[in-house]
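Inspection log for the structure reproduced underneath, given as structure tokens.
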Ligand SMILES: [Zn+2]
């Protein structure tokens, strides 16, 4: 039985994205319901994180941007077409960042086997100096920067299978060799970034991998990308820590995404990566990003957590992937091997 810590905080329920908005507190309630239904709750520890400090945010975000967001505590303000601050949002965002920082400490200290940060708001669209796509602060980016600056790590890898490309995470580390960003996402789609040509720049060249796939890809394609590309890259890069930018809007039930990953697809894909990480003794943890089907969240997140606790793996669907996925992986490999950009 593995020790899994769930990071949860009451403030996450107080961030209100606006009436009818898909990024709502019900998402976390659905996961909670599923956890109770699964019976796994008795075998997991829940931790209540502290709020992050401004210093943690300054590592990746522009100081003026951070200070502006902090000044909105208790207020309501529309930041872009679909990103809003409500009176409880700043507190939620600071506790979301606080959770990922504490998860870094916990998995590196090996005080647990892994952690899952069930946070809101999500983070991977948040840029250095602006909010975007439901995101205020870039949670996973802060975690990576914290691990490098404060914990003495040399390399962090972020795997982002959210249906949307994590533009913010990519941009924050685009010229750095010490953070490897790997994304599989629907293409063309919001936010518009994430082509195979975007492979990093300067010292970060070759440390940014995008696998853009058309709508309709599912279990065989995601498993293929993971096996063929991600796992060998992890073996080669040897990160000291892996952070999962865990979006679930690539689920077949999701109302925003048009991918077709099933619960078993997510479990098989992550299982494949976890086998690699465990064989190399690389610590890892999960941070919730998107995922807007309450039914899917209620089912897939608890199932994944049950797998983490038990250490069991399910056999992922090894059917032949569609040609476009095979071609995209070949194109990514060609660029990585030739250094073309
Ligand atoms: Zn998303």
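Every read-out reported here was derived from the displayed coordinates using simple, explicitly stated rules and does not represent laboratory data. Since we're looking at a predicted model, the values are computed, not measured. As a convention, Cβ positions derive from the backbone with ideal geometry for all residues, glycine included, and neighbour counts pool all protein chains shown.
For the pair the stretch 158-185 and the stretch 1-62, the centres of their Cα atoms are 22 angstrom apart. The listed peptides 51-59, 243-251, 35-43, ordered by packing as a protection proxy, come out as 243-251, 51-59, 35-43 (highest mean of other Cβ atoms within 10 Å first). In terms of surrounding Cβ atoms within a 10 Å radius of their Cβ, 33, 114, 46 rank from fewest to most as 46, 33, 114.
Got a sec? How would 120, 320 order by Cβ neighbour count within 10 Å, fewest to most?
On the way: 120 26, 320 10.
So the residues, fewest neighbours to most, are 320, 120.
Between residue 29 and residue 330, what's the calculated FRET efficiency when r is the beta-carbon distance and R0 is 51 Å? Round to 0.05. E between residue 29 and residue 330, to the nearest 0.05, is 0.75.
Restricting to Cα pairs below 8 Å that are 6+ residues apart, what does the relative contact order work out to for the chain? Please round to a whole percent. Mind showing how you got there, number by number?
On the way: 784 pairs, mean separation 67.2, N = 341.
It rounds to 20 percent for the chain.
Considering Cα pairs under 8 angstrom that are at least six residues apart, work out the relative contact order of the stretch 56-149 and quote it in whole percent. This gives 32 percent for the stretch 56-149.
The distance linking the stretch 204-244 with the stretch 93-118 is 23 Å (Cα centroid to Cα centroid, whole angstrom).
Taking the DSSP bridge list for the chain and keeping only pairs wholly inside it, about 10 percent are antiparallel. Taking square-rooted eigenvalues a ≥ b ≥ c of the alpha carbon gyration tensor, is the stretch 4-338 rounded, prolate or oblate, where a/c under 1.5 means rounded and, failing that, a/b exceeding b/c means prolate? Here the stretch 4-338 falls in the rounded category. For the stretch 1-71, the average shadow cast by the Cα convex hull is 6.9 nm², which is a quarter of the hull's surface.
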